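I have placed the structure first, in the form of structure tokens, so that the comments after it can refer back to it.
Taken together, the values in this text are just the output of simple stated rules run on the coordinates, not laboratory data. Worth saying up front: this structure is predicted, and the values here are computed from it rather than measured. For neighbour counting, all protein chains shown are included, and Cβ atoms are generated from backbone atoms with ideal geometry for every residue, glycine included.
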Amino acid sequence: MSAFDTLMAFERETQALSRVAGRLSWDQETVMPRGAGAQRAEESGAMEAVLHARRTDPRVAEWLAAAQAPDEAGAAQMRLIRRSHDRSVKVPADLATALARLTSRSQGIWAAARAADDFAAFAPTLAEVVRLKREEAAALAGQGDLYDAMIDDYEPGATAAGLAAIFDEMRPRLVALRDRALGADGVDPVRGDFDMEKQLRLSRDLAALFGYDFERGRIDLAVHPFSSGSGEDVRITTRVAEDDPFNCLYSTIHEVGHACYEQGIDAAYSLTPVGQGVSMGVHESQSRIYENQLGRSRAFCHYLYGRMRETFGDIGVDNEDEFYRVVNRMHNGYIRTEADEVQYNLHIMLRFDMERALIAGDLSVADLEAAWNERFKADFGHAVDRPANGVLQDVHWSVGLFGYFPTYSLGNVYAGCLYAALRRDLPELDAQLARGDLSAATGWLRDKVQRQGGLYTPQETISRACGAAPSAGPLLDYLEQKFGVLYS
Ligand code: ZN
């Protein structure tokens with residue numbers, strides 16, 4: 001066997017094991033017995049130790065040095081394996097294992113603190129997570145910036161300064177749009193009792209409509225909707241609120257976007273580094289365009305309004321135009337995941353600045369809740385009423401995901417670019433969406449973005465699909481057009 005083939009055979013087994021580790025996380029958030037938390041932390045730590053040993057195996061460096069990539073895909077595989085190896089050898093094994101154990105345990109502590117509305121119950125654990133993540137980032141960054149090293153895990157090539165520049169460009173136009181919309185006549189939310197089983201049945205239908213392959217996937221319930229896995233086993237979770245059907249339906253469509261990305265990758269890359277989404281930003285571009293640009297479009301609302309009346313009977317919304325406004329309702333809320341397309345990005349900018357300050361050491365965990373509340377009031381104009389609606393609302397920090405939040409807004413930016421290109425290429429799009437036919441749109445995304453997996457860098461992936469380098473302009477134009485009409 002050539003050095004390249006030996007390297008790839010070894011990598012394939014590492015990838016398989018890492019999918020097993022991913023399945024443990026899925027299990028923990030869906031069906032794991034509540035009393036199994038401590039044991040699961042041990043199990044996750046043990047898996048991480050095995051994976052870390054494989055990623056840092058000195059033979060990987062030898063094979064990389066000796067291997068010749070047979071083609072473009074082979075070169076991409078080697079680039080990604082080298083990246084993972086270089087990263088892993090910088091992080092001491094005991095630190096990697098300690099982090100896996102701690103973040104597995106701290107998730108439960110966060111969930112309990114959120115349920116009790118008690119930030120103080122979570123703060124000591126979060127401080128420990130921050131301490132270990134900073135240690136890890138210091139090992140990765142060398143002389144470089146700690147937070148940049150963290151971002152690089154989720155969005156290779158992106159930096160805090162680059163993201164801040166994009167956000168600075170977005171903020172004034174988003175704030176102006178938000179202020180104009182909130183100053184106009186408000187839209188009432190949908191009211192009523194929406195049977196859980198009916199919601200789940202409709203959300204499964206929508207998942208299939210958007211191209212989710214149930215032969216290689218499944219939908220379960222979880223507190224935090226997420227997508228997990230790749231290749232032949234890509235699972236999603238959703239949640240149900242019986243007074244708000246859009247929570248379940250749009251969470252599902254969102255996660256289906258993530259899952260379709262993984263399912264859409266060329267099967268030839270299965271169980272290899274190229275065989276998974278290239279970055280969290282590109283991942284989020286898929287979930288956002290499925291959920292927002294397509295799922296919340298005026299044309300698709302025509303179809304969905306009919307399906308909802310068919311499913312639930314009278315839903316208390318008089319007509320399609322009203323339905324479109326309800327689906328895109330803008331209001332003074334607290335929760336990122338429930339925010340409209342405009343304010344969502346303001347929620348991200350708040351978290352970006354908070355976590356940047358935490359990691360830089362400019363903000364301590366002890367001061368985080370007060371800092372959050374002050375910033376929220378300044379950005380959104382109303383005060384946080386309780387920690388579960390404020391600093392405790394997101395799972396991310398409890399599991400050590402620092403540098404992850406900005407990729408959500410970057411995903412929106414990418415989705416804006418992709419949507420502009422998609423509309424140019426598909427002149428019949430609105431007619432297709434209106435009859436619930438997503439095949440042309442999702443087919444375009446599969447061909448232009450999903451199929452490639454990690455073949456190109458995130459930036460290249462978007463540039464190749466759109467024919468231009470990504471920028472915030474198309475997203476901002478789209479939002480101003482859409483919400484300008486909605487709140488004229
Ligand atoms: Zn997402």
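At-a-glance table
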read-out	value
Counting DSSP beta bridges with both ends in the chain, the antiparallel % (nearest 5)	60 percent
Isotropic mean projected area of the C-alpha convex hull, segment 263-380 (nm²)	11.4 nm²
Peptide ranges 342-348, 473-479 listed from the most packed, as the mean C-beta count within 10 angstrom indicates	342-348, 473-479
Among LEU80, ALA116, ALA138 the positive-end extreme of the charge dipole of segment 73-170 (Cβ point charges)	LEU80
Packing rank of 279-285, 387-393, where each peptide gets the mean count of other beta carbons within 10 Å, highest leading	279-285, 387-393
Relative contact order [Cα under 8 Å, 6+ residues apart], segment 3-144, whole percent	29 percent
Relative contact order, percent, the chain [alpha-carbon distance under 8 Å, six or more residues apart]	20 percent
Three semi-axes of the equivalent ellipsoid, the chain, Cα gyration tensor, whole Å, largest first	35, 27, 22
Assigned charges on the beta-carbon of Lys, Arg, Asp, Glu; segment 3-144 dipole about Cα centre (debye)	160 debye
Segment 224-273: radius of gyration over Cα atoms, expressed as a fraction of 2.2 N^0.38 Å	1.33
Cut-off under 5 Å, modelled amide H: who pairs with LEU438 long-range	none
Cα-based shape type of segment 421-488, given that a ≥ b ≥ c are square roots of the gyration tensor eigenvalues and the cut on a/c is 1.5	oblate
On Cα atoms only, tilt of 119-141 relative to the major axis of the chain in degrees	50 degrees
Rel. contact order, % - alpha carbon contacts under 8 angstrom, at least six apart, segment 143-301	19 percent
